[in-house]
1. Just to be sure I understand, how many residues within segment 337-376 are over 27 Å from ALA248 (Cβ atoms) and of a type in the set (S, T, N, Q)?
2. Filter segment 250-270 for residues that are over 12 Å from PHE328 (Cβ atoms) and in contact with a Ser or Thr (Cβ under 9 Å, 6 or more places away or on another chain) and give the result.
3. Looking at PHE356, is it modelled with pLDDT of 90 or more, in contact with a helix residue (DSSP H, G or I) (Cβ under 7 Å, 6 or more places away or on another chain) and among the aromatic types (Phe, Trp, Tyr)?
4. Are any of the residues in segment 316-334 in a helix (DSSP H, G or I), assigned by TED's automatic domain parsing to the domain that holds THR268 and in contact with a strand residue (DSSP E or B) (Cβ under 9 Å, 6 or more places away or on another chain)?
5. Would you please name the residue that is surrounded by the most Cβ atoms within 10 Å (Cβ to Cβ), looking only at residues in segment 326-343 that are farther than 19 Å from GLU311 by Cβ and not β-branched (Val, Ile, Thr)?
6. So ARG270 fits all but one of (1) free of Cβ contacts under 8 Å to residues at least 12 places away in the same chain; (2) not in a loop (DSSP other than H, G, I, E, B); what number is the exception?
7. Within segment 338-353, is there a residue that is at pLDDT 95 or above, of a type outside the set (S, T, N, Q) and within 13 Å of ALA246 (Cβ to Cβ)?
Amino acid sequence: MNEKTMTMDNVLADLIRISQVTGSDPDLVQGGGGNTSVKTADGVYMYIKASGTSLKDMSAQKGWRRLRVDKVLAVVRDDSLEALDVAEREAQVVGRLLGACDDDRPGGVRPSIEAHLHALLGQTYVVHLHPRVISAYVNARDGRAVLEKLFADEHDPILWVDYEDPGFLCGRKMAQVVEHYHATHHRDPSIIFLEKHGLFTASDNADDILRLVRYVVDRCEGHLPTFEPSREISPCPGEIDQVTEAIAAALRGVTGQSYLICYSCPATIRALMERSDAPDLLDTGSLAPQEVTYANGPALWIEEATAAAIENKMRARMGKGYKHALAFVVKDVGLFTAGSERTVATAQATAEMSIFARMCAAAFGGVNSLTTEQEDFVIRFEAPADPGAVKG
Ligand SMILES: [Zn+2]
């Protein structure tokens, strides 16, 4: 169909299709979330994923909002916001994004907090994801150089965006670099890597955007080192239960709350446990805001799996300003992840993804994680108070 003749319904149908296709691909949605948008042919409106519904669950009835593009751009371009106190500013940004909504959806459903990043790109279709293969590069010290070499033959050069705090400042930074790119190349970038964050792709065609996402992810994946553990792990009978008990007791000691604890030991974890640099790879800040939000930071490396030793290690990390750990790699046993029934699977997936990305980053110059200031910003302005505890 000629895009000029697309009706609002066609635009929404396209958004639902690209969201369901990307959201159903486990390679693309690792790391939680991501968001999608489609602009109308006249550029006046943008349909975007709403917060609180996953990509694959979007439908005509839920999971999206329609925004006025000019109102969204006005937020990023409002210099007066820069002078505000951070809490006041971020509250205003959320309020103004809600105010930019122009549809018949329930008023309290928020559009993606990354709506302004979508609005900054002129293309009709924008897909933003945090896949683990991308994390391997955007969290590596040499990630930018490796990506620029890997995609050196692209007709439109890739764009790299240095890390900035989520929300308004990230929007400002992206506006600046997209503007510079536009001035240099006379078009908007179609492949954008955000340091310590993820990937943006943009296109004027719905099928092309899906192909582009797959192309970037496959190309990135093809260049990654592989990790083959040399042996299986077979903990002694009762050992997994014992460690689970010790971790539960340590968490109770630190938080006063009970947690559901899950055990896993996939090849990635077994490969980590065989590395002599395993403790160092985990001894950094979170890789990205998602790791702060869903897993309270990286897994703790545990060699002595008693409740007292684990509690001490947790308190030592908390003493440096971090939240209490929710993931634990217990040497020669495996990964233990804590949470509620609702959150534990996400915490586990986040921890496994982070460990994979950390091992890859070691091959690309070392792990490039959030600084304590950057992490602190996420804790204060983004993360829920406690993503993990079992209610009651
Ligand atoms: Zn994001």
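1. So the count comes out to 5.
2. ARG252, LEU260, ARG270, listed by residue number.
3. So PHE356 passes the test.
4. Looking through segment 316-334, at least one residue is in a helix (DSSP H, G or I), assigned by TED's automatic domain parsing to the domain that holds THR268 and in contact with a strand residue (DSSP E or B) (Cβ under 9 Å, 6 or more places away or on another chain).
5. GLY334
6. The number of the failed condition is (1).
7. Yes, segment 338-353 has at least one match.
Yes/no matrix, rows are residues, columns are (1) hydrophobic (A, V, I, L, M, F, W, C); (2) modelled with pLDDT under 95; (3) more than 30 Å from ALA347 (Cβ to Cβ):
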{"position": "VAL29", "(1), (2), (3)": "yes, yes, no"}
{"position": "GLN61", "(1), (2), (3)": "no, yes, no"}
{"position": "ALA100", "(1), (2), (3)": "yes, no, yes"}
{"position": "ARG110", "(1), (2), (3)": "no, yes, no"}
{"position": "ILE113", "(1), (2), (3)": "yes, yes, no"}
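The values are calculated or read from the model by the stated rules, or taken from the named source; none is laboratory data. Source: prediction; values computed, not measured. Glycine also receives a Cβ, built like all others from the backbone with ideal geometry; neighbour counts cover every protein chain displayed.
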